[in-house]
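In what follows, a structure is listed as structure tokens, so that the remarks can point back to it.
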Amino acid sequence: MMIKTVEITPFKDQKPGTSGLRKKVPVFQAPGYTEAFIQSIFDSLEGFKGETLVVGGDGRYYNREVIQTALRIAAANGFGRVLVGKGGILSTPAASHIIRKYGAYGGLILSASHNPGGPKGDFGIKYNVGNGGPAPEKITDAIYARTQEIDRYKIALFNDVDLDKTGTFDADGLTIEVIDPVADYADLMETLFDFDAIRSMIAGGFKVTFDAMHAVTGPYAREILVKRLGVAPELVLNAEPLEDFGGHHPDPNLVHAKALYDTMMGENAPDFGAASDGDGDRNLIIGKGIFINPSDSLAMLAANAHLAPAYKEGLRGIARSMPTSGAADRVAEKLGVELHETPTGWKFFGNLLDAGRCTICGEESAGTGSDHVREKDGLWAILLWLNILAARGQSVKEVVHDHWATYGRTFYSRHDYEGIETDHARGLMSALEDKLDALPGTSLDTLTVERADSFSYRDPIDGSVSSNQGLRIFFEGGARLVFRLSGTGTSGATLRVYMERHEADPALHDQDTQEALAPVIAAAEAVAEIRERTGRNAPTVIT
Ligand code: G1P
Ligand code: ZN
């Protein structure tokens, strides 16, 4: 194998965030930038000579180029085999499954998730470990440390590999297998759910629509929803993956998937509507005439999971990220299983899943998943919902109202202030942090503070501690307010404000969410001076 060693000077900004390294495409295109990061990943790992690496991405602009680079650097560093999705495509949950199924050493997932794509859009590289999940902080910290002193990368000199044909190729000693990105994943889904029951529900006239947002899940939806389950092909929308997602944000929320929302709220709406994001790990669920917020969806899936074959023995526990609402906690309590509260980001669930301490996990940011892989999984959530609806023979609305009647309703919302100046965002957070100790007993607008803290997490499996994971304010009566800065943005800072309030009285369950949360929203403004410090009158996105 012809290997070239190229000298470089470190790039100082290669710190992985909540989910890998995310930057604008032109940043990754700077000479040596991508190479330096991939080499830093490999320099932080041990014992992978001759082992298998999985490589794939969400198909966004620059995906193919980075895959060719990754193959050459993997070869030069001694990997024995690389499994790469045809066309360079692998959804994030599919990549996680492939790593596990084929016993790979790890994988590189190329994605910036729900962020926009294209020549001026976002790109990202994330390293996943052998359990199929995102590298834990110990490894991402080591990668970052390495990026700060790296002085060379090694690259093999072979021609571009044809990514559009499945098959096995020898690239100068490295075995490259271009695999069908969909088949293994679709087969896995069939082992988890009652496809017969879902198929007959759909054959009986239950209408399902899915918006792939021109992102990675189009081919997965065609195979699973249309071919295996009988969903009408014309109800699978935007199924062609595009490098720029058709110019949209492939973010399945009420802003970017508004068309789907409008359809589901309109006359003659289908029975069930769903969408997924750029890399296929998030989900949006909307029933006919009813949107389900992701925190509620987690709770409802957990409460009903036993209706699907994979979970018929029950759950071993539920895990949720700290800003996610407490709706799932009530389900865990009723089921008599453990509830874990972790920092934001899927990497914190890996240890719990590996140790069998939880079966279902979720985040308020439209991520839900289980122990079948080590990533959140958009289509999995959609299929579990369909399985539950088929088993219960009820509409989404009926299942939701039944859940609220049993557990009460947790009103929940997140307000994002995107693209604010980094200094202003940091200033707001540090001023708030300074105030926390003095808050208990005081009033914020109409609410009285019970306690306040900065969230810190001690992993119960390996004992590692992650501090500064968000500022929390708990109010008398049970409402909660959380502030944190996003770790996935690529320009400026994004302030996220999370609000929730539990309402036990069914007569009050039909209120508008923003109205039901008005006192908490007012308290947020009172304590953090959001308008004054960000210069914004209103959030950019409300979920
Ligand atoms: C966001 C979400 C978080 C999710 C992550 C990756 O991170 O809030 O729940 O795990 O994207 O999809 P943030 O930008 O808040 O750091
Ligand atoms: Zn994603």
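The values are calculated or read from the model by the stated rules, or taken from the named source; none is laboratory data. These numbers were taken from a predicted model, which means no experiment stands behind them. With ideal geometry, Cβ positions are generated from the backbone for all residues, glycine too; neighbour counts draw on all protein chains shown. The accessibility values were calculated without ligands, DNA or RNA, using every heavy atom of the protein model including side chains. Shrake-Rupley method; radii C 1.70, N 1.55, O 1.52, S 1.80 Å.
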Residue 525-residue 355 pseudo-label distance in nm [points 7 Å out on the Cα-to-Cβ vector]:
4.3 nm
What do you reckon, how do 461, 292 stack up by accessible area (1.4 Å probe), largest on top?
461, 292
Assuming a ≥ b ≥ c are the square roots of the Cα gyration tensor eigenvalues, decide whether the stretch 305-412 counts as rounded (a/c under 1.5), prolate (otherwise, with a/b larger than b/c) or oblate.
prolate
If you stretched the chain out fully between residue 180 and residue 232, how much longer would it get, using 0.36 nm times the residue separation minus the C-alpha to C-alpha distance?
16.4 nm
What whole-number value in Å² describes the accessible area per residue of the chain for a 1.4 Å probe?
37 Å²
For the chain, average projected area of the Cα convex hull in nm²
23.5 nm²
If Lys and Arg each add +1 and Asp and Glu each add -1, what is the summed charge of the other residues whose beta carbon sits under 10 Å from the beta carbon of residue 278?
-4
Phi-based couplings in Hz for the stretch 112-117 (Karplus 6.51, -1.76, 1.60; Gly and Pro marked x)
10, 6, 8, 6, x, x
Portion, in percent, of the accessible area of the chain that falls on carbon or sulfur, probe 1.4 Å:
47 percent
On full extension of the chain, what length is gained from residue 187 through residue 465, given 0.36 nm per residue of separation minus the C-alpha to C-alpha distance?
96.3 nm
Per the C-alpha gyration tensor (a ≥ b ≥ c, the square roots of its eigenvalues), the stretch 323-364 is rounded if a/c is under 1.5, else prolate if a/b beats b/c, else oblate; here it's oblate
Give 4/120; 227/288; 24/126 a once-over and call out the pairs whose C-alpha atoms are over 20 Å from each other.
4/120; 227/288
Hey, quick one: spin label on residue 29, modelled 7 Å out along Cα-Cβ, who in the stretch 106-145 has an amide N within reach, i.e. under 16 Å?
117-124
In nanometres, what is the gap between the two model label sites at residue 426 and residue 334, each 7 Å from Cα along Cα-to-Cβ?
4.6 nm
What distance in nm separates the two pseudo spin-label positions at residue 13 and residue 454, each 7 Å out from Cα along the beta-carbon direction?
2.5 nm
Counting other Cβ atoms within 10 Å of each Cβ, which chymotrypsin sites (Phe, Trp or Tyr not before Pro) in the stretch 97-167 have at most 16 and sit in a DSSP loop?
102
For residue 312, give me every one of the lysines with a C-alpha distance below 22 angstrom, ignoring sequence neighbours fewer than eight places off in its own chain.
334, 376
Label point at residue 196 placed 7 Å out along Cα→Cβ; residues across the stretch 378-395 whose backbone nitrogen lies under 12 Å:
none
What number do you get for the stretch 188-238 when its Cα radius of gyration is normalised by 2.2 N^0.38 Å, N = residues?
1.10
Loop-only check: which GluC sites (Glu not before Pro) in the stretch 192-287 are DSSP coil with at most 12 other Cβ within 10 angstrom?
267
Quick shape check on the stretch 453-543: root eigenvalues a ≥ b ≥ c of the Cα gyration tensor, a/c under 1.5 is rounded, otherwise prolate if a/b tops b/c, else oblate, and it reads oblate
Run lengths n ≥ 4 of DSSP H only: what is the helix-derived mean residue ellipticity at 222 nm for the chain, with -39500 (n - 2.57) per run over all residues, to the nearest 500?
-9000 deg cm²/dmol
Suppose the chain between residue 69 and residue 536 were pulled fully straight at 0.36 nm per residue; how much longer would it get relative to their current alpha carbon spacing?
164.0 nm
Taking loop as defined by DSSP and a crowding limit of 16 other beta carbons within 10 Å, which trypsin sites (Lys or Arg not before Pro) in the stretch 200-237 fit?
207
